[in-house]
Amino acid sequence: MDKLAWSSSDGRGLHVAIIMDGNGRWAAERGLPRTEGHRQGVESVRRTVKAALETGVSHLTLFSFSSENWSRPKQEIQFLFGLMRRFVQRDLADLLKQGVKILVIGSRDGLEADVLRLIDDAVLLTRENTTLNLTIAFNYGARDEIARAARRIAEEVARGSLAAADITPECFGTYLDTSDLPDPDLLIRTSGELRLSNFLLWQLAYSEFVFVDSYWPDFTQEAFEAAITEYQSRSRRFGGTSARSTA
Ligand code: IPE
Ligand code: IPE
Ligand code: MG
């Protein structure tokens with residue numbers, strides 16, 4: 001067995017989801033505009049993708065813009081969209097080479113045509129990759145996702161192509177944006193906030209949560225590996241009893 005397989009930071013096969021929070025506070029503490037925090041946040045995304053590739057994580061899901069983030073000042077929203085455009089334009093070739101498969105979840109409503117085209121091209125170009133599944137939650141809100149799924153299910157029932165009795169949790173999951181993804185094993189949120197902020201409400205039902213105090217621009221490969229080590233010390237029971245306990 002190689003060294004990595006023995007190391008405590010081996011995250012092989014795991015699905016790690018991250019709420020990347022604290023860009024604004026990182027900037028404010030340095031007397032900088034919030035936009036500078038977002039710019040540094042992109043560096044942290046690059047670092048984290050690299051960390052995921054190195055630890056052997058199979059799925060990395062990043063919350064990058066929520067359906068509630070539209071309530072921010074227009075200037076900040078425009079800056080975030082600009083960063084997103086530049087990230088795809090600059091990093092897509094590298095991601096493709098590294099074997100990263102890109103998926104985007106969230107609503108297409110309200111996104112400009114050029115942003116939709118960038119997203120679609122990135123997904124199409126990387127669709128055969130298998131090393132790391134990188135999912136970007138963009139214009140994403142879990143309640144919106146669940147409502148969109150319910151709407152499609154209702155339409156199918158009305159049309160007669162789906163029986164109401166067949167709507168099980170497994171069936172419902174296939175209507176969500178994440179239908180091709182396993183549920184996250186580990187959720188990390190940076191910046192010390194202890195909430196989900198409408199992220200993957202359905203899919204996180206049995207995930208392990210790790211909250212870290214550092215702001216997203218300060219999130220390091222070591223912190224990523226430490227979160228995986230913490231995850232590995234947890235006992236996941238899924239409602240059952242611990243594998244170690246006896247009757
Ligand atoms: C996370 O940082 C980035 C996005 C939500 C787009 P914030 O911008 O939320 O930073 P804080 O939480 O205000 O510090
Ligand atoms: C969650 O962070 C959304 C993203 C990280 C994209 P927010 O900063 O928007 O969450 P709240 O408003 O503090 O709950
Ligand atoms: Mg925030």
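The values are calculated or read from the model by the stated rules, or taken from the named source; none is laboratory data. A quick note: this is a predicted structure, and the numbers were derived from the prediction, not measured. Neighbour counts run over all protein chains shown; Cβ positions are idealised from the backbone, glycine included. Please note that ligands, DNA and RNA were not included when accessible areas were found on the heavy atoms of the full protein model with its side chains. Shrake-Rupley method; radii C 1.70, N 1.55, O 1.52, S 1.80 Å.
Observations on the structure shown:
- Heavy-atom accessible surface of the range 160-238: percent carbon and sulfur, 1.4 Å: 51
- Dipole magnitude for the range 127-247: about 400 debye, using +1 per Lys or Arg Cβ and -1 per Asp or Glu Cβ, origin at the Cα centre.
- Relative contact order of the chain, defined on C-alpha pairs under 8 angstrom at six or more residues apart (%): 28
- Our helix-only sum for the chain, with -39,500 (n - 2.57) per DSSP H run of n ≥ 4 divided by its residues, gives a mean residue ellipticity at 222 nm of -13500 deg cm²/dmol.
- Take the range 5-129 with all the other protein chains still there, run a 1.4 Å probe, and you get 50 Å² of accessible area per residue.
- Under DSSP loop assignment and at most 16 Cβ neighbours within 10 Å, longest GluC sites (Glu not before Pro)-free interval of the chain: 129-192
- Rounded if a/c under 1.5, otherwise prolate or oblate - the range 26-152, Cα gyration tensor axes: oblate
- Taking the charge dipole of the chain about its Cα centre, with +1 at Lys and Arg Cβ atoms and -1 at Asp and Glu Cβ atoms, the residue from L103, V45, A226 reaching farthest to the positive side is V45.
- Longest segment of the chain lacking chymotrypsin sites (Phe, Trp or Tyr not before Pro) that sit in a DSSP loop with at most 12 other Cβ atoms within 10 Å: 1-205
- Note on the chain: with a GNM built from Cα contacts shorter than 10 Å, the maximum mean-square fluctuation among G24, G106, G11 falls on G24.
- Low-density loop positions, trypsin sites (Lys or Arg not before Pro), the range 186-247 - DSSP coil, at most 16 other Cβ in 10 Å: R195, R234, R236, R237, R244
- Cα gyration tensor, the range 108-247 - rounded (a/c under 1.5), prolate or oblate: oblate
- Estimated at 0.36 nm per residue, the fully extended path between E43 and R152 surpasses their Cα-Cα distance by 35.5 nm.
- Summarising the strand pairing of the range 12-171, around 0 percent of its internal DSSP beta bridges are antiparallel.
- Accessible surface of the range 24-82, 1.4 Å probe: 54 percent of it comes from carbon and sulfur atoms.
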